[in-house]
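Encoded as structure tokens, the structure appears first; notes follow it.
The values are calculated or read from the model by the stated rules, or taken from the named source; none is laboratory data. Note that the coordinates shown come from a computational prediction; the quantities given were computed from them, not determined experimentally. Cβ atoms come from the backbone with ideal geometry, glycine included; neighbour counts cover every protein chain shown. Protein only, heavy atoms only, side chains kept; ligands, DNA and RNA dropped before computing areas. Shrake-Rupley method; radii C 1.70, N 1.55, O 1.52, S 1.80 Å.
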Amino acid sequence: MALAIDASTPAKATGTGTAITTASFTPPNGSLIVLEFGSNNNTAGTDTSISSVTNTGTAITWTRRARKNTNASSTGGAGTAGGAEIWTGVGTGGAITVTANGVGSGLSFEKMLKAIVFTGADTTTFNVTAASSGTLLPTVALASCLAGSYVLAMSSDWAQKGLGTAGTAQTIVDEFDVTGQVTLHAWRTTSVLGAGGSQTMNLTAVTGQNWNLCVMEVRDSGGAAAPPQTPQWHDQSVPRSATR
Amino acid sequence: MAKGDVQQSPWRWFARDNDGLQIWVDVYFNNATRQLTNTGPGSRCAILHRDSGCAYTTLVFEPPGLPTSPQLVAPADGQADRTFTVNQIRNASNTIPGFPNGWQTIEDVINTSNITAF
């Protein structure tokens with residue numbers, strides 16, 4: 001089965017509660033469920049890290065793959081205010097809702113949880129990176145990607161510059177823009193990668209962000225996609241007898 | 001937009017499906033008093049739109065699955081946007097704990113603990 005985004009993918013969930021819960025969805029057995037999470041905070045130093053992820057129905061083991069916020073254990077070191085994380089789990093074929101338990105509730109603790117369901121995905125190998133800055137636009141290069149993979153990105157903008165524009169060959173998955181508070185962006189490569197190597201995930205607008213960014217590659221369960229076959233032309237000599 | 005700005009009317013919540021099709025709701029209010037008002041198109045408070053073919057058909061406020069969670073059902077493919085008056089919004093939200101008279105201000109709506117769609 002080729003890597004694909006499944007139709008069971010639920011809508012984003014947003015809110016100001018400590019817990020953010022998706023609507024019910026039914027990921028196929030063995031599917032990869034990727035959770036993209038972003039959060040605001042009331043002061044720059046507040047750690048926005050998810051404390052736990054749970055689900056209804058058959059329990060799924062949820063694993064944090066990348067994090068960028070003020071926590072010193074963030075991927076590649078501490079980031080800036082707000083926060084972005086990526087988690088994964090494997091579907092068991094039953095209906096579930098997923099809840100991410102974060103930090104703080106009410107004004108200045110706005111959060112977004114976006115689940116994406118993939119079929120045909122490698123559920124054991126994860127290539128991730130993260131970055132942050134108080135200026136310009138979110139951007140980071142993820143090395144060693146394989147042909148046939150999707151690459152996902154999740155960022156927070158504590159400067160709340162508004163809805164974003166995805167970079168080349170990238171598509172906005174969803175966003176949550178809270179006036180005066182935070183803008184949260186989730187995006188991905190528009191298609192699976194045509195070739196392996198480094199993949200830059202970036203937004204091209206709106207500049208002036210105060211951002212945290214997490215990026216993760218979702219690989220095909222069969223490994224790197226095979227390169228396109230080069231047509232082989234063979235000389236077809238016509239026998240003398242056929243030309244009469 | 002920037003940190004510290006104040007939300008002006010209308011406020012929009014939206015969700016995109018895998019194909020980029022959207023479901024969204026615009027809610028209108030008085031910028032000064034913050035009270036919900038029937039100042040939107042057609043003298044309505046809320047306009048609920050769904051792109052034809054969008055995978056999501058219903059907005060749900062508060063944690064989904066609770067008997068008290070208000071839901072707004074979006075129009076079917078090809079149907080016009082659905083509209084709601086202030087009274088309809090208040091009646092839909094008066095099941096939320098702490099809101100016996102339903103939502104009164106835009107902050108009541110924006111600060112809902114959980115919003116999603118299905």
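Summary of values
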{"quantity": "Residue check, B:Phe14 at pLDDT below 95 and under 11 Å from the mean Cα position of the chain (by Cα)", "calculated": "no"}
{"quantity": "Subset of the range B:50-106 [without any contact (Cβ under 8 Å) to a residue 12 or more places away in the chain and either of a type in the set (Val, Ile, Thr) or farther than 22 Å from B:Arg16 by Cβ (or both)]", "calculated": "B:Gly65, B:Leu66, B:Asn87, B:Asn91, B:Asn94, B:Gly98, B:Phe99, B:Pro100, B:Asn101"}
{"quantity": "Some residue of the range A:27-43 being within 22 Å of A:Val182 (Cβ to Cβ), free of Cβ contacts under 8 Å to residues at least 60 places away in the same chain and part of a loop (DSSP other than H, G, I, E, B)", "calculated": "yes"}
{"quantity": "Scan of the range A:50-69 for residues that are under 30 Å from A:Thr135 (Cα atoms), open to solvent by 40 Å² or more (accessible area, probe 1.4 Å) and assigned to a loop (DSSP other than H, G, I, E, B), ordered by number", "calculated": "A:Ser51"}
{"quantity": "Hey, B:Ile115 among the aliphatic types (A, V, I, L, M), surrounded by 16 or more Cβ atoms within 10 Å (Cβ to Cβ) and facing chain A (nearest Cβ under 9 Å) or not", "calculated": "yes"}
{"quantity": "Close pairs from the range A:194-206: first within 30 Å of A:Gly162 (Cα to Cα), partner at pLDDT below 95, Cβ under 9 Å, at least 6 apart", "calculated": "A:Val206/B:Met1"}
{"quantity": "Of all residues making up the range A:5-26, the number that are facing another protein chain (nearest Cβ under 10 Å) and either within 24 Å of A:Thr125 (Cα to Cα) or free of Cβ contacts under 8 Å to residues at least 12 places away in the same chain (or both)", "calculated": "6"}
{"quantity": "Enumeration of residues in the range A:185-197 that are open to solvent by less than 50 Å² (accessible area, probe 1.4 Å) and within 13 Å of chain B (Cβ to nearest Cβ)", "calculated": "A:His185, A:Ala186, A:Trp187, A:Arg188"}
